Amino acid sequence: MNKDQKLWNRDFVAVCVSSFFLFMTFYILAVTLPIFVTDTLHGGQQQIGLVMTVFIISTVILRPLTGKWMDEWNRKKIVLFSLALFMICTALYPLVHQYTFLLGLRFVHGIGFGMVTTAAGAVAIELVPERRKGEGIGYFSLFMSLAMVVGPFLGLTIMQDHNNSLLFGVCIVFALLAFLFGVTIRIPQAISRVAVQTESGWRKFIEPRALPISLAGSVLAFSYGAITTFLSVYAKSIGLDTYASYFFMVFALMIVISRPFTGKWFDRSGPHLLVYPGVFLFTLGMITLSMASSPILFLVAGGMLGLGFGAMLPSFQTIAIQAAPSHRRGLATGTYFLLFDSGYGIGSYVLGAVASRTNYHTMYFIAGMVVACSAILYYGLYHRKTTSSLKPSPTTIK
């Protein structure tokens, strides 16, 4: 293999491991803070939701800004600043004794998270050889999926058997490790500043060529929010609450198992082979989940959802990145996650309203139908255009 096609080098491994510890911290806090709010701060359901909402709001705001900064400023400094901010915020959780302080901390923590995830994604993309983008981004996402498996399990185990001090101490250690691995990354600075400066208006913050596929990704995120936000409550309502943690393990493990294959399939055969089956599996998984009444059906739904999500998410992200010129790939990454996070937040709110007016069975069925619409968006906004661009023009036909 040519040297310029080598995927696993020191810097790529460092950014992957740094992201792993970053997302370990994120997922541990995501599943344990609701318990912390109710048991320690004596808050209610609305206060739990607000703790999550302010984090998402600040994350969404910083996505496009960070994408712009990554294409114009010193990337190393941005990565280190965002990792340091994330680490400092994590270190402040043991000092939380009031709900208002927690809200402020979550907002600032979301700023750090939005910056570092966008920056790390842009760096990982630069470190991956051009002909192995799908495979490289797939492996990079794999480390986040591993954190999705280990983080919630570890966090809930600590909350059950120990105290908040140990929980936050573990998070601080992981945030520190994320920072230390980030320090070791040698970040390429191949940026065309002239090209960046020619952009004006909203194009300074958004990459237009990444918008079509990002819209399809936002529809996926809309329904994905129903899994992370309401699954544990839904499981309890149907008497399967003891299987909720296993559902997430099956969901994440299917992503982990399939990821090495999906990246290679993307590079060899293109995204269509992954996206359409992914939409079908995710839709079928949502419908199965809406009808689940036994542990087997419940866990089978988790497996189908994991396979579908694992096929679609890296495919959409890779398409968004490849649609942009090299000097605007930071912006493309920020644009994609801006719409993904927005879809996630809107979906959690809207589907929660649907569940309150009907039931969780109906909510998951509707979420499945919404995901099915992403196939229509994908065909209209991307597949049809790429197909027509490959057809020879009339003047070239002899």
Leaving out ligands, DNA and RNA, what percent of the accessible area of the chain is carbon and sulfur, probe 1.4 Å? 68 percent
For Arg186 and Asn74 in the same chain, what is the full-extension length gain: residue separation times 0.36 nm, less their Cα-Cα distance, in nm? 39.1 nm
Listed residues Ile35, Phe20, Trp265: farthest to the positive end of the dipole of the chain (Cβ charges): Trp265
Chain lengthening between Val233 and Thr386 when straightened (0.36 nm per residue, less Cα-Cα): 50.9 nm
Highest mean first, how do 208-217, 309-318 rank when packing is the count of other Cβ atoms within 10 Å averaged over residues? 309-318, 208-217
Keeping all protein chains in the complex and leaving out DNA, RNA and ligands, what accessible area do you get for Val300 with a 1.4 Å probe, in Å² to the nearest 10? 70 Å²
With all protein chains modelled, accessible area of Ile88 [1.4 Å, Å²]: 100 Å²
If I ignore ligands, DNA and RNA and count only protein heavy atoms, how much of Cys373 is accessible to a 1.4 Å probe, in Å² to the nearest 10? 70 Å²
Starting at the first residue of the stretch 86-94, write each ³J(HN,Hα) from the Karplus equation 6.51 cos²θ - 1.76 cosθ + 1.60 with θ = phi - 60°, in whole Hz, x for Gly and Pro. 4, 5, 5, 4, 4, 5, 8, 4, x
Quick calc, the chain, dipole around Cα centre from Cβ unit charges on Lys, Arg (+) and Asp, Glu (-), nearest 20 debye, gives 1340 debye
Mean residue ellipticity (222 nm) of the chain, computed from DSSP H runs ≥ 4 via -39,500 (n - 2.57), nearest 500: -27500 deg cm²/dmol
Any chance you could run the full-extension gain for Arg268 through Asp161? It's 0.36 nm times the residue separation minus the Cα-Cα distance, nm to one decimal. 33.8 nm
Accessible-area ranking of Lys76, Lys385, Lys264, largest first, probe 1.4 Å: Lys385, Lys264, Lys76
Just name one of Leu105, Ile158, Thr118: the one whose Cα is farthest towards the positive end of the charge dipole of the stretch 91-175 (beta-carbon charges, Lys/Arg +1, Asp/Glu -1). Thr118
Under the Karplus relation 6.51 cos²θ - 1.76 cosθ + 1.60, θ = phi - 60°, what is the ordered set of whole-Hz ³J(HN,Hα) values for the stretch 54-64, x standing for Gly and Pro? 5, 5, 5, 4, 5, 5, 5, 4, 7, 4, x
In order over the stretch 275-281: 3J(HN,Hα) from phi, Karplus 6.51/-1.76/1.60, θ = phi - 60°, whole Hz, x for each Gly or Pro, gives 5, 5, x, x, 4, 4, 5
Largest first, please: the extent of the C-alpha atoms of the stretch 138-181 along each principal axis, to the nearest Å. 35, 22, 7
Where only protein heavy atoms count, and the probe is 1.4 Å, what is the accessible area per residue for the chain in Å²? 43 Å²
The Cα extents of the chain along the principal axes, largest first and rounded to whole Å, are 73, 46, 42
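The values are calculated or read from the model by the stated rules, or taken from the named source; none is laboratory data. Model, not experiment: these values are computed from the prediction. In this analysis, Cβ positions are derived from the backbone assuming ideal geometry, glycine residues included, and neighbour counts consider all displayed protein chains. SASA here: full protein model, heavy atoms, side chains in, ligands and nucleic acids out. Shrake-Rupley method; radii C 1.70, N 1.55, O 1.52, S 1.80 Å.
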